Structure formats: structure tokens, C-alpha cells
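The values are calculated or read from the model by the stated rules, or taken from the named source; none is laboratory data. This one's a predicted model, so the numbers in the text were calculated from it and none came from an experiment. Don't worry about glycine lacking a Cβ; one is built from the backbone with ideal geometry, like all the others, and counts go over all protein chains shown. Side chains included, ligands, DNA and RNA excluded: accessible areas come from the protein's heavy atoms. Shrake-Rupley method; radii C 1.70, N 1.55, O 1.52, S 1.80 Å.
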Amino acid sequence: MKRYIGLSFLMLSLVGCSPMQKALKSEDLEYKKEVANQYYEQKKYRRAIRLYEQLETAYRARPDAEEMYYNFAEATFVTKDYELAGSRFRIFAASYPRSEKREEALLKEIKCGVKLSPVYSLDQHITNETIDKLQRFIDQYPTSDFVFEANSIMSEMNKKLERKAFENAKQLNTIGAFTRNYTAAIIALDNFIYDFPGTELKEDALYYKFDSAYKLAMNSVVWKMEERLKNAQLMYDGLIRFNAETKYRSKVDSMITDINKELEKFSK
């Protein structure tokens, strides 16, 4: 059959008739499928997709269409229609649960989610959905050849959520300059450090936590100032214990000098 299709391509080209047009108009589904697969192999993915779309319903879940459906999903992925590709990989995995390509199809569906996941500053529901799918994949296929790649993607997605959480907490520090209320920033930064103990942003979080405590104390009413100054001291100590050579050292040393001067007034 493949030899026949190859010869047909050559003959149609010689007589000036497009194999694509003939396949689109043909009612012979097997012929249409073989032409579509040949376009796929030639990396003419958009042409292959047009033909696969005509075959999608007729061949769904048929054993002899497994390769065609995987090619259909892959061609959609290569042409960067990630939302549709994710759906097609999901349908393939559901239609062919015993396929050797099922694990790969599920991971490709996840990769579509990665491609659709927006920058950290935007809503991250797609990122969270992708993380859930990754966890299910790892739980279902713990010995898969794709587990290392799945874990790598998981790390990438978690870092995006981590960055969003940090920037949200940091934003509260910025807002405090207008509201004179830094308590929310301190709580948010504390929660960030607790939620992401291994974060690469811990030094930054500790700095902004101290900065918030410093500004809260320095702008405080007298009867609350001493306690808040002492709390800020503790946060300075926490940052220095974490990294004595912190990139913020000159700033925080200047700030702790101010704090100590204010505390001296209370001791007198």
C-alpha cells in the first residue's frame, strides 16, 4: 500500500494534479490516511493535519489507527497549537491505554501545559494543573524512562509558583510605603520562607522581611517602638546567620545602626 501511495505521489506530480487535493476529495479513508502519514513523515505537518482532521471521527479508537492518532497529536504539537495538541495527546492516551507510546503521550500533554503556562506575574491555574498532572504521571509510572524529565519539568513549574509567591510578598513591602503598614509584608514573607524552605530567594526574602520590620519599627508609635525594634534586631540576626556575606550587607548594617541608636534611648 505504501509503495502504491508513493507511486501515486509521483504520477500525480507528473500530470500536475496535487496529491493533497486528491486525498482531500477522496472517499477512500485508507488512501487518505496513508497520504496523511506520508505528509507527516515528510514533515509537512499542516497538510497532514488537514487530512487527519477528516479521519478523526471515523478512526477513533480503532487499533489500526494508533500510529495515525499519535502522528496527529504530534503534528499539532510541532505546529505550536498547544491547547489542541494537549487535548489530542490526552485522547490518544485514553483511546490506546496499552500503547507503547502512552507514557510519552501523557508527558507530551504535560509539555503542552508548560507551553501554555504564563509568566509568573499572571494567573497560574494552568501551572497548578500541570503540576497535578506531573504528580499523577510520576505516581503512575515511577520507573518510567520519562520520570527524570517529568521531575525536571516539576522543578521548573514550582519555581514559577515560587517566584510569584515571592513577588506578591515583596509587593506588600512596597505597598507599605504608602499605607505605613508593614505587618502584612512580614507575615507574607514569613509564609514564603516556610512554604519554600529550599528556595534560592531565601536571602532576598529575609532581607525584605527585615526591611519591613525596620520600617514598621522606625515609623511606630512610641509605646510600640521598643518591642518592634527588638523584633527587627532578630530579623537582622536571621539574615546574617543565613549569609554573613549577604549582598545586602551594607544596607542592613546601616539599618541596624539606626535600630541600636533608637534602642539606646529606651535604655536611658
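Consider T174 carefully, then state whether it is open to solvent by 30 Å² or more (accessible area, probe 1.4 Å), at negative phi and either small (G, A, S) or not assigned by the TED database to the domain that holds R98 (or both).
yes
Could you say whether any residue in the stretch 247-266 is acidic (D, E) and open to solvent by less than 30 Å² (accessible area, probe 1.4 Å)?
Within the stretch 247-266, not a single residue is acidic (D, E) and open to solvent by less than 30 Å² (accessible area, probe 1.4 Å).
Among the residues of the stretch 132-153, is there at least one that is assigned to a helix (DSSP H, G or I), touching a residue at least 40 places away in the same chain (Cβ under 8 Å) and open to solvent by less than 60 Å² (accessible area, probe 1.4 Å)?
Yes, the stretch 132-153 contains a residue that is assigned to a helix (DSSP H, G or I), touching a residue at least 40 places away in the same chain (Cβ under 8 Å) and open to solvent by less than 60 Å² (accessible area, probe 1.4 Å).
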